[in-house]
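Asks: Below: one structure in structure tokens.
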Amino acid sequence: MFNSLKLLGPVCLAISVSSNPAFAELSADTKCVLGETVMLSAGDYQVVIAPDDGEVMLTMNGIDSTVVTLTEAQFAALPQYAVATENEHLDGINCYEGPLGRDIMTVIGAKSEDTVNLTAINDYWVEMPVALMLEYDVIFARSVNGEALSVRDKGPIWVMVPQTDNAELRDPFYSTYMVWQLNRVDLN
Amino acid sequence: MYSARRVTFAIGSLIFVVLIGLVFYGYQSFQRDVEALQIAGQEDISWPTGQLELELMRFRAELHAMEAHDGGAASNASVNQRFDIMWSRVIVFQRGRVGERLSSYDLQTEIVARLFATMQAYETRVLTLQPGDRDTISDIDAAFKPFSEELREFSRRVAQGEQQISIDIRTQLRSGAQRTLIILGVATLMLVIALLVILRDARLSRRLADHNQRLAEEATRASLAKSQFLTMMSHELRTPMNGVIGLLALARQSSMSAALNRMLSQAERSANLMIGLLTDILDFSALQSNNMPVQHKTFSLRELADNLRKYDHRVDQPMQVDVEADTPDILLGDEKRLTEIYAHIMGYMLETAGVEGVVLRLSHNGEMLCAAIHYHYTKGDIWYPAMLADNLQQDDDNFATGVVGPTIARGLCDLMKGNINVSPDLGEGGLVSIEIPAAVASIPQINVWLETQSVVTRKLCEVALRDSRIVLMTAESGQQADVILLEDQGQVSDARLRALRESFPSARAIGLGTSAERLPFDQYLDLPIDIAVLRATIIDRLAS
């Protein structure tokens, strides 16, 4: 009886996975694991702090009025993670890759009681508490399902709140923090 | 009562159906409320249309700026960036739940689809737009200009649609609350009805219970009246029967012919049997009305055996009764009832069943008085005296007079917490075993020194003191006396009393005589002797 159930287990799992259209959209070679934040690379801070003449992708005004600018290469040199989550702007669960918000906050010297303004290319901005980024794995996604985000499709950076893994974040209030076309972070 | 149950069942079924309906209705309502709350928790889709409208305006403004100021490469980049941003706003309409909801407002006009088609058509021209190329700029602006008004109308439509959804949600939640109120009201009403039905049923049940109790009391009273009538009649019949027996006995004392004497003897015996039957009826009535007292007094087992041997019954055959050696003689129990049990059962076996070789052996196993009645039955068929052990014969509709005795015996046995077991005679003799609790009495004995002048006084004293616990001493006893009974004869007795006190210093001296209180004695009883007073005095001494 129990052996039969054990044999049936993977079959049932397969059925339940394949019957979930959101999960089914994750490609077979996805770097994400459902329910986990996967670390893709430990990062290289030497590259982050080294001078780079490339096009600035993200400008950050940090503590003591310090300005940190990151080119695409420097942004990619931050520790990279992959988080699978869903939102109302894309179909199903997708795999978002990029540095975590808490690492970005470390770079600009933000503390948990601080807030930051997240500003998009079109000057739209929203104020976000740093504590939220320290508590949850908020990701500054540079790519979705392995494809880099362009300006025409929410790029270069899309702030993603992990709503799938945290039921308490599944509210339109937290959706307002998911700024796309991000190009500036200002510590208040 | 039957119709009342049907009404209760109908109301209960109705309540059940209504409650099931309420559960279903409540579930539906709850689901609708959940759906409404889910919609209320969705992303706001008013802003993407406004954003698209705004980005179109900004794109066109950049075009106009480029046309007016001829800004060079920087202006071209700004136009391209605005174009890209506008592109990204259009993409919002194509994916996700937000895109799906937005598209539902654009199914007929297809503004966004047309805008996107226009963007795709003009993409190359926008990307390669050169400053100063006023014609191209005008063309592009002319192509996008109509969408400004359409997008404004679209934004208004979406905003109105979302407001309507909000209104619908509020209406849904309000009606959901009303439905919940209705469900609660109906459920409360059902509960009240159920409570009323339960109260009504409880009242009916209580009335039924009262009625049953009244019937039971009436039946008990009727039974009691019957028993009392039986008892009274039996008692009333026994009194004249005693007169008959007495006169028959007197008649037999006179000289009569042998034939007449034989008839008188027969009549006397019949009268005795009648007395026995009346006594049985009295006992039976007492058992039926639980009014049969059972005593716990000391008695001599061997005296009980003697009485059984002399028991008068209808068969000219004495009862053979043995007491096993080493069986304690003084037991605690009701001697009279025990005698009746054994006599009734043995009488039945001898008189009614006609068995032979009936022998009663009495013994004691430490807790129970065991009576083993051995018998032989050699009349062919196997006789199984079941009525001795079971209660079937107490059925009032089928009561044979022959089993009155065993019924009384069984009733007495139950009353004394005993049991009767019967084994049939299968060729080697049968056995009726009767076990009745009877503790062995540890009776202290009292030694009485009796000294009288008159033979009559002595005989009376001996009768009064006939008790297994009382030992009348003789000169040879050589024991200490506990009580000295001395017939008082004045000075002579004083000397004798002194002598006896020296011999038995701890004994209590009781004087028997006619004088006033005599100081030399501890106690004084008047002559002629009152047997009961004398006996009570000695028993008191024994108790102390």
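The values are calculated or read from the model by the stated rules, or taken from the named source; none is laboratory data. Just so it is clear, the model here is predicted, and its values are computed rather than measured. Note: ideal-geometry Cβ built from the backbone for every residue, glycine included; neighbour counts use all protein chains shown.
Asks: For residues in the range A:114-129 being of a type outside the set (S, T, N, Q) and in contact with a Pro (Cβ under 9 Å, 6 or more places away or on another chain), which is farthest from A:Asp186 (Cα to Cα)?
Replies: A:Ile121
Asks: Next up: Does the range B:84-103 include one or more residues that are surrounded by 15 or more Cβ atoms within 10 Å (Cβ to Cβ), among the aliphatic types (A, V, I, L, M) and more than 12 Å from chain A (Cβ to nearest Cβ)?
Replies: No - not one qualifying residue is present in the range B:84-103.
Asks: Okay, moving on. Just name the residue that is nearest to A:Val83 (Cα to Cα) out of those in the range A:135-160 that are within 12 Å of another protein chain (Cβ to nearest Cβ) and out of contact with any helix residue (DSSP H, G or I) (no Cβ under 9 Å at 6 or more places or on another chain).
Replies: Restricting to residues being within 12 Å of another protein chain (Cβ to nearest Cβ) and out of contact with any helix residue (DSSP H, G or I) (no Cβ under 9 Å at 6 or more places or on another chain), the top hit is A:Trp158.
Asks: In the range B:132-140, is there at least one residue being touching a residue at least 12 places away in the same chain (Cβ under 8 Å), part of a loop (DSSP other than H, G, I, E, B) and either of a type outside the set (Val, Ile, Thr) or assigned by TED's automatic domain parsing to the domain that holds B:Val34 (or both)?
Replies: Yes, the range B:132-140 has at least one match.
Asks: Filter the range A:161-188 for residues that are more than 13 Å from chain B (Cβ to nearest Cβ) and in contact (Cβ under 8 Å) with a residue 40 or more places away in the chain; which is surrounded by the most Cβ atoms within 10 Å (Cβ to Cβ)?
Replies: Here the answer is A:Val185.
Asks: Could I ask something else about it? When you check A:Ala82 against the structure, is it within 14 Å of another protein chain (Cβ to nearest Cβ) and small (Gly, Ala, Ser), yes or no?
Replies: Considered against the rule, which asks whether it is within 14 Å of another protein chain (Cβ to nearest Cβ) and small (Gly, Ala, Ser), A:Ala82 comes out as no.
Asks: Please go through the range B:416-440 and give me each residue that is closer than 19 Å to B:Glu335 by Cα and surrounded by 18 or more Cβ atoms within 10 Å (Cβ to Cβ), ordered by number.
Replies: Listed by number, the residues that qualify are B:Met416, B:Gly418, B:Ile420, B:Ile434, B:Glu435, B:Ile436, B:Ala438.
Asks: To continue, here is another question. Can you confirm whether the range B:165-179 contains a residue that is touching a Gly at 6+ places or on another chain (Cβ under 8 Å) and more than 25 Å from B:Glu62 (Cβ to Cβ)?
Replies: yes
Asks: Here's something else I'd like to know. Of the residues B:Ala251, B:Ala225, B:Ala209, only one is at pLDDT 80 or above and under 27 Å from B:Met292 (Cα atoms); which?
Replies: None of the others qualify; the one that does is B:Ala225.
Asks: Could you give me the residue pairs with C-beta distances under 6 Å whose first residue belongs to the range B:400-420 and is at negative phi and of a type in the set (D, E, K, R), whose second residue is at pLDDT below 90 and not in a helix (DSSP H, G or I) wherever it lies, and which are 6+ apart or on separate chains?
Replies: Final answer for the pair search is none.
Asks: Also: Going residue by residue through the range B:167-178, is there one that turns out to be modelled with pLDDT under 90, acidic (Asp, Glu) and touching a helix residue (DSSP H, G or I) at 6+ places or on another chain (Cβ under 7 Å)?
Replies: no
Asks: Tell me, which helices (runs of 4 or more DSSP H) wholly within the range B:256-352 include 2 or more residues that are in contact (Cβ under 8 Å) with a residue 24 or more places away in the chain and within 22 Å of B:Cys370 (Cβ to Cβ)?
Replies: B:301-309, B:335-347
Asks: Shifting gears a bit: Pick from A:Thr119, A:Thr69, A:Thr106: which is more than 14 Å from chain B (Cβ to nearest Cβ) and touching a strand residue (DSSP E or B) at 6+ places or on another chain (Cβ under 6 Å)?
Replies: Exactly one residue qualifies, and that residue is A:Thr69.
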